[in-house]
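K.L.:
Before we start, here is the structure in question, set down as structure tokens.
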Amino acid sequence: MELRRVVVTGLGALTPIGNNVQSYWTGLINGVSGAVPITQFDASKFKTRFACELKNFNPLDYFQRKDVRRYDKFSQYALVVADEAVKDAGMDLESINKDRVGVIWGSGIGGIDSFQKECFAYKDGDGTPRFNVFFIPKMIVDIASGLISIKYSFRGPNFTTVSACASSTNAMIDAFTYIRLGKADMMVTGGSEATIVDVCLGGFNALKALSTNNNSPETASRPFDKDRDGFVLGEGAGAIILEEYEHAKARGAKIYCEIVGGGLSADAYHMTAPHPEGLGAKNVMRYALEDAGMQKEEIDYINVHGTSTMLGDLSEVKAILDVFGSHAYKLNISSTKSMTGHLLGAAGAIESIACIKAITEGIVPPTINHFTDDPELDPYLNFTFNKAQKREVNVALSNTFGFGGHNCSVIFRKLNS
């Protein structure tokens with residue numbers, strides 16, 4: 001069976017540094033930090049009191065009041081970015097075959113805000129169970145993909161992937177596979193997360209996973225820096241429209257680039273810690289290259305998982321050196337989490353958008369907040385520290401790894417007609 005080619009025809013983004021694709025990209029290339037003191041609840045008693053929150057997001061700008069009450073924030077974010085991506089793709093919703101358009105969405109945690117609110121209300125009440133009628137549908141992690149399909153009447157494959165921080169990249173790879181196998185012509189894919197809530201902040205603090213640099217939130221996310229002390233919690237969403245190449249050409253669609261390969265692997269090592277030698281990360285990048293039918297020398301840019309944790313950054317660099325050998329020194333490497341924080345299940349979506357824009361714009365976004373070299377990291381690798389770098393990017397690879405040892409890599413290539 002001949003596999004069909006798959007291209008990117010639409011993008012949508014809602015991030016801590018920009019509420020649409022263009023403002024997100026402008027924030028990235030200008031090295032803007034999205035970290036601020038938490039405003040959504042009183043974080044004064046927590047070890048970490050800051051996060052990468054969305055700015056100036058008012059759900060009433062997008063939804064009727066009754067729908068705001070029905071949708072958890074992670075679903076609101078999903079619907080907002082899906083709408084931007086659908087419009088960007090120039091879909092003719094009257095003529096398109098909606099039986100051949102699907103939605104595969106990723107989220108690591110889903111409606112945790114709704115879950116927390118209902119549990120707190122029950123605990124503080126008189127013991128009578130008075131739960132919101134929308135509690136369960138607001139909370140369940142698959143509801144975002146369902147709501148997107150309902151809004152547009154997309155009747156193709158529809159489900160949600162849950163693989164912690166790898167969830168949205170997992171979703172993209174699944175969507176890519178469905179199209180190239182002929183199961184669909186177009187897919188709305190990506191991910192959303194809304195985890196800046198008490199229980200998530202407290203839980204990640206308990207794991208000692210978060211930065212506690214409360215005196216300087218804007219510099220707290222510092223991947224590959226000697227003094228990194230954990231990741232910064234972020235929120236938001238990213239959406240990508242994937243489409244079969246001939247289908248896109250036939251309708252005269254704008255094509256950003258081609259998605260050419262994806263890899264999946266497991267560390268099979270630890271609940272939360274990465275394999276110290278990056279075993280799963282090595283495998284997943286090799287699988288993605290093999291799936292794309294590409295040589296390692298063809299990769300120009302890697303948007304790394306790079307969360308700003310001591311163990312994670314080191315193991316990923318070891319994996320890159322092992323897979324790419326001498327070519328690693330010709331790569332641009334950057335962690336855009338230094339600006340957006342870690343969007344958990346939505347991270348892969350917005351970081352793939354960063355890769356796609358790097359290809360179309362010929363510029364690599366930086367890894368900001370680098371102050372001190374880590375002696376355990378190779379000083380000759382180009383981490384694109386502190387300032388964006390112009391270069392021709394023909395092929396970009398994005399890594400996302402999740403608790404449980406889940407690893408995903410996806411490869412985008414400038415379109416060769």
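The values are calculated or read from the model by the stated rules, or taken from the named source; none is laboratory data. This one's a predicted model, so the numbers in the text were calculated from it and none came from an experiment. Backbone-built Cβ (ideal geometry, glycine too); neighbour counts: all protein chains shown. Note: areas computed on protein heavy atoms with side chains; ligands, DNA, RNA excluded. Shrake-Rupley method; radii C 1.70, N 1.55, O 1.52, S 1.80 Å.
K.L.:
Looking at (1) part of a helix (DSSP H, G or I); (2) more than 22 Å from the chain's Cα centre (by Cα), can you tell me which one ALA175 breaks?
P.N.:
Answer for ALA175: the failing condition is (2).
K.L.:
While we're looking at this one, here's another question. With the checklist (1) open to solvent by 30 Å² or more (accessible area, probe 1.4 Å); (2) touching a residue at least 24 places away in the same chain (Cβ under 8 Å); (3) among the aliphatic types (A, V, I, L, M) in hand, flag the one item ALA166 doesn't pass.
P.N.:
Against the list (1) open to solvent by 30 Å² or more (accessible area, probe 1.4 Å); (2) touching a residue at least 24 places away in the same chain (Cβ under 8 Å); (3) among the aliphatic types (A, V, I, L, M), ALA166 comes up short only on (1).
K.L.:
I would also like to ask the following. Can you run down the residue pairs with Cβ atoms below 8 Å, 6 or more apart or on separate chains, where the first is in region 90-102 and acidic (Asp, Glu) and the partner is in a loop (DSSP other than H, G, I, E, B)?
P.N.:
ASP92/ARG251; ASP99/ARG155; ASP99/GLY156
K.L.:
Test each condition in (1) over 18 Å from LEU343 (Cα atoms); (2) open to solvent by less than 10 Å² (accessible area, probe 1.4 Å); (3) part of a strand (DSSP E or B) for SER192 and report the one that comes out false.
P.N.:
SER192 satisfies all of (1) over 18 Å from LEU343 (Cα atoms); (2) open to solvent by less than 10 Å² (accessible area, probe 1.4 Å); (3) part of a strand (DSSP E or B) except (1).
K.L.:
Return the residues of region 55-89 that are within 23 Å of ILE136 (Cβ to Cβ), open to solvent by 50 Å² or more (accessible area, probe 1.4 Å) and either among the charged types (D, E, K, R) or touching a Lys or Arg at 6+ places or on another chain (Cβ under 6 Å) (or both); say none if nothing qualifies.
P.N.:
Those that are within 23 Å of ILE136 (Cβ to Cβ), open to solvent by 50 Å² or more (accessible area, probe 1.4 Å) and either among the charged types (D, E, K, R) or touching a Lys or Arg at 6+ places or on another chain (Cβ under 6 Å) (or both): ARG65, LYS66, ARG69, ARG70.
K.L.:
Starting from region 133-152, keep only residues that are farther than 17 Å from VAL81 by Cα, then list their pairs with residues that are charged (D, E, K, R) whose Cβ atoms are within a distance under 6 Å, requiring at least 6 positions of separation or different chains.
P.N.:
Once the first residue is farther than 17 Å from VAL81 by Cα and sits in region 133-152, its partners that are charged (D, E, K, R) give PHE134/ARG70; PHE135/GLU118; LYS138/ASP72.
K.L.:
Taking the conditions exactly as written (in a helix (DSSP H, G or I) and either out of contact with any helix residue (DSSP H, G or I) (no Cβ under 9 Å at 6 or more places or on another chain) or over 29 Å from ILE255 (Cα atoms) (or both)), does PHE46 satisfy them or not?
P.N.:
Spelling it out, it is not the case that PHE46 is in a helix (DSSP H, G or I) and either out of contact with any helix residue (DSSP H, G or I) (no Cβ under 9 Å at 6 or more places or on another chain) or over 29 Å from ILE255 (Cα atoms) (or both).
K.L.:
Kindly provide the set of residues from region 212-236 that are surrounded by 24 or more Cβ atoms within 10 Å (Cβ to Cβ) and not in a loop (DSSP other than H, G, I, E, B), ordered by number.
P.N.:
Hits for region 212-236 are PHE231, LEU233, GLY234, GLY236.
K.L.:
Being in contact with a helix residue (DSSP H, G or I) (Cβ under 8 Å, 6 or more places away or on another chain) and touching a residue at least 12 places away in the same chain (Cβ under 8 Å) is the filter here; which residues of region 281-299 pass it?
P.N.:
ALA281, LYS282, MET285, ARG286, LEU289, LYS296, GLU297, ILE299
K.L.:
OK, next. Take region 1-30 and flag every residue that is under 18 Å from the mean Cα position of the chain (by Cα) and farther than 17 Å from CYS355 by Cβ.
P.N.:
LEU14, PRO16, ASN19, ASN20, SER23, listed by residue number.
K.L.:
Quickly run through region 195-211 and pick out the residues that are open to solvent by 30 Å² or more (accessible area, probe 1.4 Å) and in contact with a helix residue (DSSP H, G or I) (Cβ under 8 Å, 6 or more places away or on another chain).
P.N.:
Result: ASP198, VAL199.
K.L.:
Could you give me the residue pairs with C-beta distances under 7 Å whose first residue belongs to region 17-43 and is free of Cβ contacts under 8 Å to residues at least 24 places away in the same chain, whose second residue is aromatic (Phe, Trp, Tyr) wherever it lies, and which are 6+ apart or on separate chains?
P.N.:
Final answer for the pair search is GLY18/TYR24.
K.L.:
List, please: which pairs have Cβ atoms under 6 Å, are six or more places apart or on different chains, and start with a residue in region 243-271 that is at pLDDT 95 or above and end with one that is open to solvent by 20 Å² or more (accessible area, probe 1.4 Å) and among the hydroxyl-bearing types (Ser, Thr, Tyr)?
P.N.:
Note: pairs meeting the criteria are TYR256/THR360; GLY263/TYR287.
K.L.:
Does any residue in region 209-228 that is under 16 Å from PRO379 (Cβ atoms) come within less than 6 Å, Cβ to Cβ, of a residue that is part of a strand (DSSP E or B) and β-branched (Val, Ile, Thr) six or more places away or on a different chain, and which pairs are these?
P.N.:
Note: pairs meeting the criteria are PRO223/THR367.
K.L.:
Go through region 180-230 residue by residue and tally those that are closer than 30 Å to SER145 by Cα and of a type in the set (Lys, Arg).
P.N.:
2
K.L.:
Return yes when ALA273 is aliphatic (A, V, I, L, M), more than 28 Å from ASN20 (Cα to Cα), in a loop (DSSP other than H, G, I, E, B) and open to solvent by 10 Å² or more (accessible area, probe 1.4 Å) and no when it is not.
P.N.:
yes
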